[in-house]
Amino acid sequence: MKLELLHQPDSAIAKVHMGPQEELLAEAGAMVAMSSHINVSTTLRKGKGGGVFGGLKRMMGGESLFMSVFRSGSSAAELYLAPKLMGDILPYTLSGTELVIQSSSYLASTPSVQIDLGFTGFKSLFSGESLFWLTANGSGLVMLNAFGSIYEIEVDGDYVVDTGHIVAFERSLDYSISKANKSWAGAFFSGEGFVCQFRGRAKVWCQTHNPGAFGRKVGGKLPPR
Amino acid sequence: MKYDIRYKPSFATLFLTLQPGEQIFAEAGAMASMSGKLSMDTTFFGGLIPGLLKSFLGGESLFLNEFSNKTQSPQEIVLTQSSVGDITQIQLNGREICLQPGAYIAHTRGTKVQLRWAGFASWFAGEGLFKLKLSGKGMVFFGAYGGLSTVEVQDSFVVDNGHLVAYEPGIKMNIGMSGGLLGSVTSGEGFINRLEGRGKIYLQSRSVDGLVRFLRTQLGYVTELFLLTLCCFNL
C-alpha cells in the first residue's frame with residue numbers, strides 16, 4: 001500500500017494505492033472516489049468498543065456507527081479518502097507503540113492496527129468536546145485528520161492543550177483533563193473551559209483550529225433545528 | 001517577545017515565545033496550547049462595567065486571559081481564532097486601530113483597550129453597539145475569515161459591512177442599506193458602509209454572514225416544515 005497526500009494543508013485528500021489482496025478500514029462517509037472493482041462492506045467494529053454497544057458509544061462520540069472496509073481483491077486499486085472539514089491529514093506509522101486519538105480525528109487505518117474505544121471517565125463529559133478517545137495499537141498505518149493545520153509538539157515536562165485542539169498523542173504521555181483556571185468561576189469565564197495536561201516525554205499533535213468554536217460561531221446564527 | 005504567524009493564509013496561527021517576565025493578553029478561548037509552566041489569569045475586558053456592556057451589546061466575550069511567564073526560561077504559547085483565515089499584527093507606536101467584533105485575538109503590554117460607541121446603525125447591522133479601540137505602544141494581533149486585504153482610504157470608500165475587519169479611527173463610518181430596504185434585501189448586499197476620511201482599512205475576503213446566508217437556504221425546509229405543521233394544527 002502506498003499513500004499520497006494531495007492539496008495539503010488546507011484541503012488535504014489521501015490517495016491510497018492499494019496492492020492486490022489489501023484491505024483498508026475508514027470512517028464511514030470518507031470515501032470520495034475509488035476503482036470500481038474495490039469491494040466495500042460496512043462493519044460494526046468487533047471487540048472492545050465494537051459491536052452494537054460500541055457502535056452506539058461511537059455515535060455518542062460524534063462518530064458514525066459504522067466503519068467502511070475496502071478490499072482491493074485480485075488486482076491493484078486506487079482509493080481517495082477525505083475528511084469532512086477543511087484541513088490537513090497526518091499519516092502515522094505504528095510500530096508496537098500506542099496512540100490515543102480524539103475520535104473525530106480518525107480517518108482510516110490498515111487492518112493490522114487495532115482500534116479500540118477507550119472511555120476516559122466522567123470528567124471528559126463536562127468538557128463540552130466529544131471527548132471519546134480511540135486507542136490505536138499494533139503495527140501499521142493510521143490516518144488522522146484535523147480542522148486546520150497540524151503541529152507537532154515534543155512534550156518534555158509539562159504541556160497544556162485545549163481539549164478542542166487535540167488530534168492525537170502517544171500513550172506514553174501521562175495525561176489528565178482539568179479546568180484551565182484554578183477557580184471554577186475562572187474556568188467557566190475564561191472561555192478555555194477544559195484543557196488536557198500532558199506530562200512526560202513524547203509527542204502530541206494539535207490542530208490549529210477548534211471545530212467546536214467555528215461551529216458555534218456559524219451555528220449560533222442559524223435558525224434552531 | 002518572539003512571534004511567528006504560521007500556516008498563512010488559510011489557517012494562520014500565532015506561535016509566541018514569552019521571555020521571563022513577559023505576558024500576553026488574549027481573547028477568551030484563543031489559547032490552543034501552551035507550556036505547562038505559563039500562568040493564566042482571567043480578567044474583565046476593560047473593567048467590569050464596560051466589559052458587561054461590551055458582552056451584551058458588542059457581541060464579544062466579557063473576559064480576557066492574561067498569560068504570563070513567571071519562570072526563568074522562555075516559554076511557548078499558541079494562539080488562534082475561531083474562524084479559518086489570515087492573522088496579522090500591528091505595532092501601534094502611538095497609532096490607533098478600531099476592530100470590528102470577532103476580529104480581536106491578542107495584545108501585548110502597553111496597549112490601551114477602550115470601548116467606542118459604534119451607534120445604533122451598527123447595532124442594527126448586527127455588529128454591536130460598541131467597537132474596540134486599541135491605542136498605545138503595544139502590539140495587536142487580529143484575524144479574519146478568509147484572506148486580508150488593506151486599502152488606503154483617501155476620501156471616501158464603500159465597503160460591505162460584513163467584510164470590514166479593522167480601520168484607523170480617522171475614518172468615519174456611515175452604515176446604511178444599499179439602495180433602500182427593498183434594494184438591500186433583493187441585491188443581497190445587505191448593509192453597506194460608507195467610509196469617509198483618511199486611513200487604512202482591513203478587509204476580509206469572506207464573511208461569516210455570507211456563509212450563514214448560504215447555509216440558511218440549505219436548511220430552509222426545516223422552517224417550512226415547521227410552518228406547515230403549525231398550519232395543520234390550526235386546521
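Give me the net charge of B:PHE25's neighbourhood, meaning all other residues with Cβ under 12 Å from the Cβ of B:PHE25; Lys, Arg count +1, Asp, Glu -1.
Working: positive: B:ARG109, B:LYS112; negative: B:GLU22, B:GLU27, B:ASP41, B:GLU66.
Within the 12 Å Cβ shell, the charges total -2.
What net charge is computed for the residues neighbouring A:GLY138, neighbours being all others with C-beta under 12 Å from the C-beta of A:GLY138, Lys and Arg scored +1, Asp and Glu -1? Write out the running numbers ahead of the final one.
Working: positive: none; negative: A:GLU98, A:ASP116.
Taking every Cβ under 12 Å from that of A:GLY138, the sum is -2.
What's the local net charge at B:PHE214, with K and R +1, D and E -1, over the other residues with C-beta under 14 Å away?
Numbers: positive: A:LYS221, B:ARG206, B:ARG213, B:ARG216; negative: B:ASP209.
With Lys, Arg at +1 and Asp, Glu at -1, the neighbours total +3.
With label points built 7 Å along Cα→Cβ from the Cα atoms of B:PHE120 and A:SER178, find their separation and express it in nm.
Simple spin-label model gives 5.1 nm for this pair.
Is the C-alpha gyration tensor of the range A:129-177 telling us rounded, prolate or oblate? Criteria: a/c under 1.5 is rounded; beyond that, a/b larger than b/c is prolate, otherwise oblate.
Because its axes are fairly even, with a/c under 1.5, the range A:129-177 counts as rounded.
Computed from the coordinates by the stated procedures, all read-outs in this text should not be read as laboratory data. Given the structure is predicted, the values throughout are model-derived calculations rather than measurements. Cβ sites come from the backbone with ideal geometry, for glycine too, and all protein chains shown count toward neighbours.
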